[in-house]
1. Pairs please, first residue from the range 29-56 and farther than 17 Å from A18 by Cβ and touching a residue at least 24 places away in the same chain (Cβ under 8 Å), second anywhere and among the acidic types (D, E) and open to solvent by less than 40 Å² (accessible area, probe 1.4 Å), Cβ atoms under 9 Å, 6+ apart in sequence or on different chains.
2. Can you find even one residue in the range 104-122 that is assigned to a strand (DSSP E or B), of a type in the set (D, E), over 20 Å from the mean Cα position of the chain (by Cα) and surrounded by 12 or more Cβ atoms within 10 Å (Cβ to Cβ)?
3. Quickly run through the range 170-199 and pick out the residues that are in contact with a Phe, Trp or Tyr (Cβ under 6 Å, 6 or more places away or on another chain) and surrounded by fewer than 17 Cβ atoms within 10 Å (Cβ to Cβ).
4. Name the single residue, out of those in the range 12-41 being polar (S, T, N, Q) and assigned to a loop (DSSP other than H, G, I, E, B), that is nearest to G71 (Cα to Cα).
5. What are the residues in the range 46-75 that are surrounded by 19 or more Cβ atoms within 10 Å (Cβ to Cβ), in a strand (DSSP E or B) and touching a Lys or Arg at 6+ places or on another chain (Cβ under 9 Å), if any?
6. If we keep just the residues of the range 76-103 that are among the aliphatic types (A, V, I, L, M) and outside any strand (DSSP E or B), which is nearest to P16 (Cα to Cα)?
7. Here are some residues: V152, V126. Which one is under 20 Å from the mean Cα position of the chain (by Cα), farther than 27 Å from L26 by Cβ and not small (G, A, S)?
8. In the list L26, L40, L34, L17, which residue meets the criterion of being in contact with a helix residue (DSSP H, G or I) (Cβ under 8 Å, 6 or more places away or on another chain) and surrounded by fewer than 18 Cβ atoms within 10 Å (Cβ to Cβ)?
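The values are calculated or read from the model by the stated rules, or taken from the named source; none is laboratory data. Quick caveat: nothing in here was measured; it's all calculated off a predicted structure. Note that each Cβ is placed from the backbone with ideal geometry, even for glycine, and that neighbours are counted across all protein chains shown. Heavy atoms of the whole protein, side chains included, go into the accessibility calculation; ligands, DNA and RNA do not. Shrake-Rupley method; radii C 1.70, N 1.55, O 1.52, S 1.80 Å.
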Amino acid sequence: FVTVDVFTDRRFGGNPLAVFPDAQGLSDSEMQSLAAEFNLSETTFVLPPANPAHTARVRIFNRTAEMPFAGHPNVGTGWVLAGRGRARDGVLRFEEIAGLVEVKVEDGGVTIAAPQPLSLGAEMPVDLLAGCVGIAPAEVVTAAHRPVMASVGNSFVVAEVTPDALTRAIPDIARFREALVAFPDLGPRRLPLYLYAHD
């Protein structure tokens, strides 16, 4: 395995990631156990692709479940495989649950494309979102749009809040558990909320 720090130019900065460049022979349960033991936000496992025109099949596990797609694991895995000469014409193609992820290698870095175009789904009730992050419902800005589930391969909820609310937002785990029941499509034990404010 290789450990890397993604989105940084220094050790122990950025987002940590463990990459298994050759995971052939590992079972699903072994991959999950290894990800849990590493205790990082994600660990990737590289396998031969189903389509020989692609670079690899990449499986992404967090501590408790497999993920269909995630950004920094693709960047880090792309960097590791590019360093091992796996890129063809400066491109790597990863088969993942969410679809095909294209990774471009240039100038010693890598960039990724989402496996799916942005799609919008169900709205999240304002009071439920506000409760999850400890703010008042009135601090959720709904003039342009209401909190909505979105996806580019991994689902998340995005919502605009007031600048002051953004500085005070703190997760309320009990409310998150309630929200998981309302949004089972986000995956087991997953409810990523992305809050932003215009300033």
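1. P49/E95; A50/E95; N51/E95; H54/E95; T55/E95
2. Of all residues in the range 104-122, those assigned to a strand (DSSP E or B) come to 104-106, 109-112, 119-122.
From what is left, the residues that are of a type in the set (D, E) are 106.
Imposing the further condition that a residue be over 20 Å from the mean Cα position of the chain (by Cα) reduces the set to 106.
Imposing the further condition that a residue be surrounded by 12 or more Cβ atoms within 10 Å (Cβ to Cβ) reduces the set to none.
No, the conditions are met nowhere in the range 104-122.
3. P192, Y194
4. This residue is S41.
5. V46, A56, M67
6. V80
7. On the way: V126 fails: under 20 Å from the mean Cα position of the chain (by Cα).
That would be V152, the only listed residue that is under 20 Å from the mean Cα position of the chain (by Cα), farther than 27 Å from L26 by Cβ and not small (G, A, S).
8. Numbers: L40 fails: in contact with a helix residue (DSSP H, G or I) (Cβ under 8 Å, 6 or more places away or on another chain); L34 fails: in contact with a helix residue (DSSP H, G or I) (Cβ under 8 Å, 6 or more places away or on another chain); L17 fails: surrounded by fewer than 18 Cβ atoms within 10 Å (Cβ to Cβ).
None of the other options fit; the residue is L26.
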